[in-house]
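See structure below.
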Amino acid sequence: MQYKSIFISDVHLGTKFSQAEKLLEFLKDNESEHLYLVGDIIDGWAIKRKFKWSQSSSDVIQKILRKARKGTEIVYITGNHDEFLRPFLPILLGERLTIANDFVHIGINGKKYFVTHGDFFDSITMSKKWLTYLGDVGYDLLLHLNKTINRARRIVGVGKYWSLSKYVKDNIKKSVSFITGFEDILTAHARNKGYDGIICGHIHKAENKMIEEIQYLNCGDWVENCSAVVETMEGQWKIIELQPNQY
């Protein structure tokens with residue numbers, strides 16, 4: 001499929017639960033003039049804890065670099081998990097690969113979209129990093145529990161995949177409140193700076209909606225949801241989701 005722009009975030013290469021194989025499948029099947037990597041593509045935190053780099057992770061990097069060589073404009077936006085790149089920014093790698101903290105994308109519709117991972121707008125990430133690290137470990141624990149729960153479900157004949165971590169994020173009151181607050185803060189920033197929309201990641205929840213007059217687009221992730229935001233050649237904005245592999 002040919003798109004004007006593709007936006008992906010939160011791949012977390014270097015972790016056990018990164019859906020690198022599914023992302024590689026997506027990148028092979030879809031082309032675009034612009035490819036935005038909206039943060040947490042490489043998980044520096046996880047690599048520090050326990051190095052786990054698969055062949056599929058290397059294949060994803062090689063595929064992205066190959067796209068750049070063939071003419072795709074690549075913009076890599078740093079996130080909190082790949083913040084090790086931030087002291088060196090901005091970085092220009094050749095003519096078609098830029099690494100930066102944020103970027104402004106002009107859509108086919110002529111509107112301006114602020115592209116950011118989103119962690120700069122997360123007060124917990126910015127002021128209580130120890131709590132963020134703790135939450136990251138807890139998220140990994142929930143992902144491990146997903147595997148155990150779904151193995152048991154298959155044994156008793158319930159084949160449909162179910163995610164405890166996604167259930168907690170979507171249903172626990174404090175989690176829902178955090179997500180709503182995050183969306184409101186980013187759209188308020190876009191409004192104050194004169195942007196028409198904002199494109200982000202960080203919270204692993206794909207979304208395409210209007211918050212008052214601001215378009216809020218979240219890429220989701222490639223850990224549980226295997227989702228991307230795409231801009232079609234006709235200027236429409238959509239979320240594409242693939243069925244994740246079950247670990």
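The values are calculated or read from the model by the stated rules, or taken from the named source; none is laboratory data. This is a predicted model, so every value here is computed, not measured. As a convention, Cβ positions derive from the backbone with ideal geometry for all residues, glycine included, and neighbour counts pool all protein chains shown.
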Within the stretch 89-103, how many residues are modelled with pLDDT of 95 or more and under 11 Å from Ile77 (Cβ atoms)?
-> 6
Does the stretch 69-83 hold any residues that are more than 17 Å from the chain's Cα centre (by Cα) and outside any loop (DSSP other than H, G, I, E, B), and which are they?
-> Arg69, Glu73
Residues being assigned to a helix (DSSP H, G or I) and among the aromatic types (Phe, Trp, Tyr): count how many of those fall in the stretch 30-68.
-> 1
Say we look at the stretch 203-239 and pick out the residues that are among the β-branched types (Val, Ile, Thr) and under 24 Å from Lys16 (Cβ atoms); which of these is surrounded by the fewest Cβ atoms within 10 Å (Cβ to Cβ)?
-> Ile203
Reported set for the stretch 190-205 where residues are farther than 19 Å from Val75 by Cβ and not basic (Lys, Arg) is Asn192, Gly194, Ile203, His204
Set Gly94, Gly44: member being over 19 Å from the mean Cα position of the chain (by Cα) and either of a type in the set (Gly, Ala, Ser) or surrounded by 24 or more Cβ atoms within 10 Å (Cβ to Cβ) (or both) = Gly94
In the stretch 192-199, is there at least one residue being closer than 20 Å to Asn101 by Cα, modelled with pLDDT of 60 or more and assigned to a helix (DSSP H, G or I)?
-> yes
